[in-house]
1. Hey, any hits in region 103-110 for a residue that's hydrophobic (A, V, I, L, M, F, W, C), touching a His at 6+ places or on another chain (Cβ under 8 Å) and over 22 Å from A175 (Cβ atoms)?
2. In region 1-33, what residues are open to solvent by 50 Å² or more (accessible area, probe 1.4 Å), at pLDDT 95 or above and in a helix (DSSP H, G or I)?
3. Between a residue in region 205-223 that is closer than 7 Å to L156 by Cβ and any residue that is of a type in the set (S, T, N, Q), which pairs come within a Cβ distance under 7 Å, given they are 6 or more apart or on different chains?
4. Confirm whether L104 is touching a strand residue (DSSP E or B) at 6+ places or on another chain (Cβ under 7 Å), of a type in the set (A, V, I, L, M), farther than 30 Å from R215 by Cβ and surrounded by 19 or more Cβ atoms within 10 Å (Cβ to Cβ).
5. Need pairs with beta-carbon distance below 6 Å; first residue free of Cβ contacts under 8 Å to residues at least 24 places away in the same chain and of a type in the set (G, A, S) and within region 4-28, second open to solvent by 20 Å² or more (accessible area, probe 1.4 Å) and part of a helix (DSSP H, G or I); sequence gap 6+ or separate chains.
6. So T207 fits all but one of (1) within 22 Å of K10 (Cβ to Cβ); (2) open to solvent by 40 Å² or more (accessible area, probe 1.4 Å); (3) among the polar types (S, T, N, Q); what number is the exception?
7. For region 132-185, what are the residues that are crowded, with 20+ Cβ neighbours inside 10 Å, part of a helix (DSSP H, G or I) and among the polar types (S, T, N, Q)?
8. Going by the conditions given, is R97 closer than 23 Å to K22 by Cβ, charged (D, E, K, R) and touching a helix residue (DSSP H, G or I) at 6+ places or on another chain (Cβ under 9 Å)?
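The values are calculated or read from the model by the stated rules, or taken from the named source; none is laboratory data. Bear in mind that the values here come from a model prediction, so they are computed numbers and not experimental data. Here the Cβ positions follow ideal geometry from the backbone for every residue, glycine too, while neighbour counts run over all protein chains shown. Ligands, DNA and RNA are stripped out before the accessible areas are found, and what is left, the full protein with its side chains, is counted by its heavy atoms. Shrake-Rupley method; radii C 1.70, N 1.55, O 1.52, S 1.80 Å.
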Amino acid sequence: MILVTGAAGKTGNAVVKALAAKGASVRAFIRRPEQAASLKALGAAEVSPGTFEDAHALSLAVAGTRAIYHICPNVSRDELSIARAVAAAAQAHDVKRFAYHSVLHPQIEAMPHHWAKMRAEEMLLAAGLDLTILQPTAYMQNLLGAWRGIAEDGVLRIPYPADTRLSLVDLDDVAEVAARVLTADGHVGATYELVGTAPLSQTEIATAIGAVLNRDISVEAELVETWETRARASGMGEHERATLAAMFRYYARHGLAGNPNTLRWLLGRAPNSLAHFVAVRDNSLTPRQSLTDRRPS
């Protein structure tokens, strides 16, 4: 039995599905009982409801498992304390095998959620676990948050300049690697950067999307302050808004660049391209999301 924490989110869903596809028995740790049916449909053998703050619920979730894939809620201010609680539950039940879902370049202090993951990595490295750390770059799936503008207006709207270069990765590839490192030998002690593309400018991203959709897609950059105004109006919490705004400002200055070689080696094939991602999902994409729904990986 492999426990996946944060299983109800998009990353958790993908990891549960990938593990089940490899024949693993998966227990999904979820916050709300009504999320159970969708996790069972993805292949979870068991679901365990509770919160990271509830030590008893976390203990019940960990009991009887042989490995844990830990995913913290996005941009959580409690990243370190949550990781510490999950590690303590693992230690209490003598569950040694532990994989942590981190982020590409967690050492960047200017992005608070990256820096929080670095502190969690530091704690886990000293916890006596058989640890693997996965560090994915920004998901291609994050583009779905801007799909309304792409589908309706032919415009990719972003809160940083058009020449900002970001390496992307398909979440499906990330989930495949997550399943592999917990179902195959040889990955204990490893830290893997998971990057699917060379750094792409936003213009290059728009061109790639347009080539698949057979239409011209332009790029419209807006001020971070404009994005923040809309984020507040949508009800986004202040911590999340400030964290994402800091990320956008860092992207504008430095981008986020990685190298696909490690992911290519882990998969035994080329990582999914952006064109592949768009083509596979073209029929299912809808304009139901807005830019304020954008979330980091």
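1. Yes; the residues of region 103-110 include at least one that is hydrophobic (A, V, I, L, M, F, W, C), touching a His at 6+ places or on another chain (Cβ under 8 Å) and over 22 Å from A175 (Cβ atoms).
2. Across region 1-33, the qualifying residues are K10, K17, A21.
3. These pairs meet every condition: A206/S218; V219/Q202; V219/T203.
4. So L104 fits the description; yes.
5. none
6. Status for T207: all satisfied but (1).
7. Q141
8. Answer is yes for this residue.
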